[in-house]
Amino acid sequence: MKNQPNPDVQKHDAKSLPSALTDIPKLINGKKPAVFLDYDGCLSPIVKDPDKAVLTEEMRDTLRRLADVCRVAVVSGRDRANVEKLVQLDNLYYAGSHGFDISGPNNMHTEPGGAKAAIPALEEANSTLDERLKDVEGVLVERKRYAIAVHYRNVPDNQVSHVLQVTEEVIAQHPELKKGPGKKIMELKPNLDWHKGKAVLWLMDELDLNQPGILPLYIGDDITDEDAFATLQGQGIGIMVGEHDEQTAAEYRLEDVEDVQAFLETLTQTIKSQQHL
């Protein structure tokens, strides 16, 4: 693989990042972007029920126009089939399950991270979690192809520690699995050296995007997106969405989904204007 993760990652105060909306032509500096985005919190607001995180027609149109002028990929913790169904655009690339399952135009479909070996452990862990958490109000154990997401956003405060403890215990029972933290979620993922950043590198290689005139942009809002921000540092640009107290490897920020849409719209126009120069 031509691209390698950056070992010297610099962290920034998330609250002091400059807005990516300020000067987009300067941001991309004459290069052609390749755009990678998370789904939840970037293309659709975070909601209590993951099934209700619906893409608006306006955002779908924005993505369609952007994908007409550059490569666009949605990189999500959701199942690939699920995020494809939500977006409903066939000119995009989709990396589901944090990049373990990737599809795209021209019948691309691959599972590059080697996660199939973890499926028996995921099945067993899912059964255990269903049984041990069945009496907890508001908990949602979501089985994905290559992960299990234990959602505790709707769990009463006095039950959250119990949910986390049970989940940790189940993870400890399966060396094939590891913990993946998120916003009000704890995930069980294959215990492999693979993440969103490596999925982006794989796509860049596969799509021949490792060229001086191409600038990868990654837009994300969650802890899992930090792998992609860190991976692209020095060769691309990471853009954090939303309010965050932590340090981040991203270099710019956007406030919310509306900001993301405004950024993508302006980016599309900027690319079109560059093509006419």
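What to note about this one:
- Identity of the residue in segment 241-260, in contact with an Asp or Glu (Cβ under 7 Å, 6 or more places away or on another chain) and outside any loop (DSSP other than H, G, I, E, B), that ends up nearest to VAL9 (Cα to Cα): THR248
- Filtering segment 136-182 to residues that are in contact with a Phe, Trp or Tyr (Cβ under 7 Å, 6 or more places away or on another chain) and at pLDDT 95 or above leaves VAL139, VAL160, VAL163.
- Residues of segment 222-277 satisfying the condition of being surrounded by fewer than 21 Cβ atoms within 10 Å (Cβ to Cβ), of a type in the set (S, T, N, Q) and over 20 Å from TRP202 (Cα atoms): GLN247, GLN261, THR266, GLN269, THR270, SER273, GLN274, GLN275
- So ARG132, is it of a type in the set (D, E, K, R) and crowded, with 21+ Cβ neighbours inside 10 Å: no
- Candidates ASP225, ASP193, filtered to the one that is more than 15 Å from the chain's Cα centre (by Cα) and among the charged types (D, E, K, R): ASP193
- Residue match in segment 59-75 (condition: closer than 29 Å to PRO175 by Cβ and surrounded by 23 or more Cβ atoms within 10 Å (Cβ to Cβ)): yes
Quick grid of which residues meet (1) under 13 Å from the mean Cα position of the chain (by Cα); (2) modelled with pLDDT of 95 or more; (3) surrounded by 22 or more Cβ atoms within 10 Å (Cβ to Cβ):
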position	(1), (2), (3)
THR22	no, no, no
LEU92	no, yes, yes
ALA95	yes, yes, yes
GLY104	no, yes, no
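- Taken together, the residues in segment 95-148 that are in contact with a Gly (Cβ under 7 Å, 6 or more places away or on another chain), not in a helix (DSSP H, G or I) and not hydrophobic (A, V, I, L, M, F, W, C) amount to 1.
- Flag for THR231 being among the polar types (S, T, N, Q), more than 19 Å from SER19 (Cβ to Cβ) and either assigned to a loop (DSSP other than H, G, I, E, B) or under 19 Å from the mean Cα position of the chain (by Cα) (or both): yes
- Residues of segment 149-190 satisfying the condition of being in contact with a Lys or Arg (Cβ under 9 Å, 6 or more places away or on another chain) and either part of a strand (DSSP E or B) or assigned by TED's automatic domain parsing to the domain that holds ASP222 (or both): ALA149, HIS151, LEU177, LYS178, LYS179, GLY180, ILE185, MET186, GLU187, LEU188, LYS189, PRO190
- Any chance LEU215 is assigned to a strand (DSSP E or B), at pLDDT 95 or above and within 30 Å of PRO25 (Cα to Cα): yes
- Any hit, segment 197-219, residues being closer than 30 Å to ASP157 by Cα, of a type outside the set (Gly, Ala, Ser) and touching a strand residue (DSSP E or B) at 6+ places or on another chain (Cβ under 7 Å): no
- Within segment 161-184, tally of residues that are under 17 Å from ILE223 (Cβ atoms) and surrounded by fewer than 20 Cβ atoms within 10 Å (Cβ to Cβ): 8
- Restricted to segment 26-58, and to residues there that are basic (Lys, Arg) and more than 18 Å from GLU142 (Cβ to Cβ), the residue that is surrounded by the fewest Cβ atoms within 10 Å (Cβ to Cβ) is LYS26.
The values are calculated or read from the model by the stated rules, or taken from the named source; none is laboratory data. As the structure is a computational prediction, the values presented were derived from the model and not from experiment. Reconstructed Cβ throughout: ideal geometry from the backbone, glycine too, with neighbour counts over all protein chains shown.
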